[in-house]
Amino acid sequence: MDMSETKELLDLALSIGKSAADYLMNRPATFELISKSTAIDIATQMDKGSEDLIVSTILKARPDDGIIAEEGSAKDSKSGITWVIDPLDGTVNYLYGLPGWNVSIAAKDADGTIVGVVVAPTINSLWHASRGGGAFFNNRAITCNDPIELDRALLATGFAYDVEDRKIQIEYMQRLVPNIRDMRRNGAAAVDLCFVAMGAIDGYFESGLKEWDLAAGALIASEAGAVVVTYSAILPATSIAAGPRLHKVLKATLGL
């Protein structure tokens, strides 16, 4: 893909991400809650409204592109470009009025993710990256922390909506917590990946992530020098993002 089309995709993702974030900042007084995979896996009317805004704007600009989105929008691509969208990552944070929720938008082709944008307005944060073009936080180039030893590592994680899957996550915590600097639970996968990218945390691991959770943030972290891999030999599949040295140690410690 040439640089001009990459720039076109990135500019569109940035524009739409900001518009969706502005829409979500008008937080409603009451919520309509929809249960998804489990009773605690929820969406709100704002998740759906954000997705509708993002998808309609993309298809108006690029009608032949494909769509994969968390709240169900789907369209096969005729152009070779597919957008991977999380219209409101961190819905529980949003519901409770906590910061860090975000809009995550990526575009991919047959070779992988081309551009990624994560907009988190409550923490005044916008991250973006393009394949081979580096990663940026509020338009400043960023890199991950490396090398970092496990006993100096500040890690982040999240917990699956399926409570059965949390059992192995608790085992992972038991292996790590006695041996690290500290642990954070921020509540939004895309922001955790971007925090790895900019060195706000040293590493991140979580089980059960979906493509829309990972697409934009994983590109941003990778372009910032992190290694981002999802390991599926042990279910639920577990994703790790960290600088090269710490990633290797985390993989071994978690037995992945």
Could you work out the local net charge near Met1, counting Lys and Arg as +1, Asp and Glu as -1, over the other residues with Cβ closer than 14 Å to its Cβ? -2
Cα gyration tensor of the stretch 3-141, axes a ≥ b ≥ c as square roots of the eigenvalues: rounded (a/c below 1.5), prolate (a/b > b/c) or oblate? oblate
Just want the ordering: Trp83, Trp212, from fewest to most Cβ atoms lying within 10 Å of their own Cβ. Trp212, Trp83
Within 10 Å of each residue's Cβ, count the other Cβ atoms and sort Ser232, Ser207, Ser73, Ser4 from fewest upward. Ser4, Ser232, Ser73, Ser207
Cut-off 13 Å between beta-carbons: net charge of the residues surrounding Thr57, Lys and Arg +1, Asp and Glu -1: -2
Share of antiparallel DSSP beta bridges in the chain, in percent to the nearest 5? 80 percent
If I fit a long axis through the Cα atoms of helix 3-25 and take the longest principal axis of the Cα atoms of the chain, what angle between them do I get, 0 to 90°, rounded to 10? 80 degrees
The correct pair for the stretch 158-210, radius of gyration to one decimal and Dmax as a whole number, both in Å and from Cα atoms, is 11.4, 32
With charges set only on the Cβ (+1 for Lys and Arg, -1 for Asp and Glu), what does the dipole of the chain come to about its Cα centre, in debye to the nearest 20? 540 debye
Decide, for the stretch 77-148, between rounded, prolate and oblate: order the square roots of the alpha carbon gyration tensor eigenvalues as a ≥ b ≥ c, take rounded if a/c falls under 1.5, and otherwise choose prolate if a/b is larger than b/c, else oblate. oblate
What is the projected area of the convex hull of the Cα atoms of the stretch 89-210, averaged over all directions, in nm²? 8.6 nm²
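At a 10 Å Cβ-Cβ cut-off, how would you order Arg152, Arg140, Arg166, fewest neighbours first? If you can, show how the numbers build up before the last one.
Working: Arg152 12, Arg140 8, Arg166 16.
Going from sparsest to densest Cβ surroundings: Arg140, Arg152, Arg166.
Every number in this text was worked out from the coordinates using simple rules, so none of it is lab data. From a predicted model like this one, the values you see are computed outputs, not experimental measurements. So basically every Cβ, Gly included, is an ideal-geometry build from the backbone, and we count neighbours across all protein chains shown.
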